[in-house]
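Participant: After the structure tokens below, expect a handful of questions from me.
What follows draws every value from the coordinates through simple rules; no lab data is involved. Predicted model only: the values in this text are computed from it and were never measured. All Cβ positions, even for glycine, are placed from backbone atoms using ideal geometry, and neighbour counts span all protein chains on display.
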Amino acid sequence: MENVRADFTSGRSMEPALEGADALYLNLAGVGDPETAVQLVGAAAALGVRRIVMLSSYAVTDTALDEENILLKMHAMVERVVRDSGLEWTLVRSGGLAANTLPWAEPIRATGVVRGPNASVAQALVHEADIAAVSTQALLDASGTHQGTVYRLTGPESLTPVHRAHFSSKDPRRHPPRRLGESMTAAAPSGAGTSPRRRTALTNVRVFDGRELRAPGTVVIDGDPSRAREIDGGGAVLLPGLIDAHVHLSSADNLRQLCEHGVTTALDMAAWPTDLVDSLRNVPGLTDIRSAGTLAISADGIHATMEGIPKDSIVTGPADAERFVAARVAEGSDYIKIVAEPPGSGGLDQATLNALVAAARTRSWTQD
């Protein structure tokens, strides 16, 4: 392998840096600006580069919303150039980078304080090694498996800056960085990020056991015995957390409303973009969610006419089922939602429905 230096600010031709290359990895942040990225794609096509893998933002929605944010607008524009280049292409839309937390190291060592905006906004940061693993697989694969595919990457858990600062302040020998697929909750020590849960005894409460309402008794919620407490239920009925089996989430206010009504788990049946869904996962004190993310629809059905429906929702036939399911797994969906509209009304045909179900069954849905 030969290392070639390219100065994108010099105004010189980019062709010498691309001679002999058959694949190009394009990082917009590394190139510097979208205009230079466009020139680089053009030079790659002119010199016979066969394949481009672009690192983009998972916040890109392929809708008019991309024009409302300068960063999304830049990424979406370069994505379109890559798609239209005539070359094989793969888009890796990544969430926030774990390395963006590294600048916190010095203030943590110096003062123990991290200052920054949006302390309550949760993100599922992605480890750079995971981005590299996915990108390398697409870049080196010449079989066409990843051709025309959009992969969305998120981290294992959605955390606010407050929680991330807490973990960052721990001894790295005891709490090493975690990678995609590892559970931060399971690996963290008891009480990491929050106060230890106290042991609670709910006294004088009535429980329905599935057959009858029991006489008043005591229910113990396990936790730290040194912080135990008792709460007198006054003879009231103690209900388990409720599950809402069909919601469509749009903000944290939805979770607050559900929580106020005793719903502790909600099954979201279609929500996008991915960063919205990720921001609503594992929010302390609010309803927990499982989500289908982007739904599967036909291009001819009524759902395709709804405003803001992602293009990625459209499944063109049985051969497209694997692509759709793989994209849902990549974006972290817990299951898939298939819209089966009445026969003759433009919905997915039976063969496509069967293919989607078969593709989903081959996957390991391991979201906790």
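Participant: Spelling out what I want: for every residue of segment 23-29, take phi, set θ = phi - 60°, compute 6.51 cos²θ - 1.76 cosθ + 1.60 (Karplus), and round to whole Hz; glycine and proline get x.
Facilitator: So the Karplus estimates, Gly and Pro as x, are 8, 10, 9, 10, 10, 4, 5 Hz.
Participant: If you put +1 on each Lys and Arg Cβ and -1 on each Asp and Glu Cβ, how big is the dipole of the chain around its Cα centre, in Debye rounded to 20?
Facilitator: Result for the chain is approximately 1380 debye, rounded to the nearest 20.
Participant: So if I restrict to the alpha-carbon atoms in the chain, what is the Rg, and what is Dmax, the biggest pairwise distance, in Å?
Facilitator: Rg and Dmax of the chain, Cα atoms, are 24.5, 84 Å.
Participant: While we're looking at this one, here's another question. Sorted from largest down, what three extents in whole angstroms do the Cα atoms of segment 239-368 have along their principal axes?
Facilitator: Principal extents (largest minus smallest coordinate, Cα): 43, 30, 28 Å.
Participant: In segment 51-157, how does Rg compare with the Kirkwood Rh, expressed as the Rg/Rh ratio over alpha carbon atoms?
Facilitator: When Rh is taken as the Kirkwood radius, the ratio is 1.06.
Participant: Then there's this: Could you tell me how far the Cα centroid of segment 95-150 sits from the Cα centroid of segment 256-293, in Å?
Facilitator: So the two Cα centres are separated by 23 Å.
Participant: To continue, here is another question. When ranked by the protection proxy of mean other Cβ atoms within 10 Å per residue, highest first, what sequence do the peptides 277-284, 297-304, 238-245 form?
Facilitator: 277-284, 297-304, 238-245
Participant: Also, I was wondering about something else. Can you give the Rg/Rh ratio of segment 303-356, where Rg is from the C-alpha atoms and Rh is the Kirkwood radius? Each step should come with its number before you reach the end.
Facilitator: On the way: Rg = 11.3 Å, Rh = 11.9 Å.
A ratio of 0.95.
Participant: Farthest toward the dipole's positive end in the chain, which of Gly86, Ile336, Leu353, given Cβ charges of +1 (Lys, Arg) and -1 (Asp, Glu) about the Cα centre?
Facilitator: Ile336
Participant: Only four residue types carry charge here, +1 at the Cβ of Lys and Arg and -1 at the Cβ of Asp and Glu. Report the dipole size of segment 242-318 about the Cα centre in Debye, rounded to the nearest 20.
Facilitator: Using Cβ point charges on Lys, Arg, Asp and Glu, segment 242-318 gives about 100 debye.
Participant: Where is the GNM fluctuation largest for the chain (alpha-carbon springs, 10 angstrom cutoff): Asp141, Asp312, Asp66?
Facilitator: It is Asp141.
Participant: So, one more: For segment 278-339, just list the percent of Cα-Cα distances falling in each 5 Å bin from zero outward, please.
Facilitator: 3, 18, 25, 21, 16, 9, 6, 2, 0
Participant: Along the charge dipole of segment 230-324, which of Ser279, Ala236, Gly317 sits closest to the positive end, that is, farthest toward it, with unit charges on the beta carbon of Lys, Arg, Asp and Glu (+1, +1, -1, -1)?
Facilitator: Gly317
Participant: I'd like the Karplus ³J(HN,Hα) series for segment 325-342: coefficients 6.51, -1.76, 1.60, θ = phi - 60°, whole numbers in Hz, and an x wherever there's a Gly or Pro.
Facilitator: These are the phi-based 3J(HN,Hα) values: 5, 4, 5, 5, 4, 5, 8, x, 4, 8, 6, 10, 10, 10, 8, 9, 6, x Hz.
Participant: At a threshold of 8 angstrom on Cα-Cα distance, excluding pairs fewer than six apart, so keeping six or more, what relative contact order does the chain reach in percent? Don't skip to the answer; put the middle values down first.
Facilitator: Values: 625 pairs, mean separation 41.7, N = 368.
The normalised contact order for the chain reaches 11 percent.
Participant: What residues qualify as long-range amide H neighbours of Arg93, i.e. H under 5 Å apart, gap of 5 or more or another chain, H built at 1.01 Å from N?
Facilitator: Long-range HN contacts for Arg93: Ser56, Tyr151, Arg152, Leu153.
Participant: Let me ask something else. Assigning unit charges at the beta carbon (Lys, Arg +1; Asp, Glu -1) and nothing else, what dipole magnitude in debye, to the nearest 20, does segment 42-94 show about its Cα centre?
Facilitator: 260
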